[in-house]
């Protein structure tokens, strides 16, 4: 059963729309105007509901595929670590990370200084810009 709050919300939402729909129409066209207004409201509500359901479904699919890929990665890591030592893979990853980090730090320390010689331009000559107050 529809609760009183939902019914009140529906009435307060649609009543002003239906009241203003037929204000400047002829009596014979009022039924048509009311029907068109109600049909438009229902179409908008249906499309919004459809969009909300689509977004909810897509977010569920994304969450599900994320869980599945995480499970696959865990199975792969479990199979790999089951054959050898469990500490070998993290040790290799840490060593590679530290090596890449040291290479990046050395690259950042390189500094090049070049002197750029610009051709002379009269646009930035301050002597030509000075005003001569004696001339009138």
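Subtract the Cα-Cα distance of residue 93 and residue 65 from 0.36 nm times their separation in residues, and report this length gain in nm to one decimal. Could you put the intermediate results ahead of the total?
Working: separation 28, 0.36 × 28 = 10.08 nm, distance 2.62 nm.
Additional length available on full extension: 7.5 nm.
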query: Based on the Cβ-Cβ distance from residue 3 to residue 35, what FRET efficiency comes out when R0 is 35 Å, to the nearest 0.05?
result: 0.80
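Read-outs: derived from the displayed coordinates by stated rules, not from any lab. Predicted model, so just to flag it, every value in this text is computed and none were measured. Neighbour counts run over all protein chains shown; Cβ positions are idealised from the backbone, glycine included.
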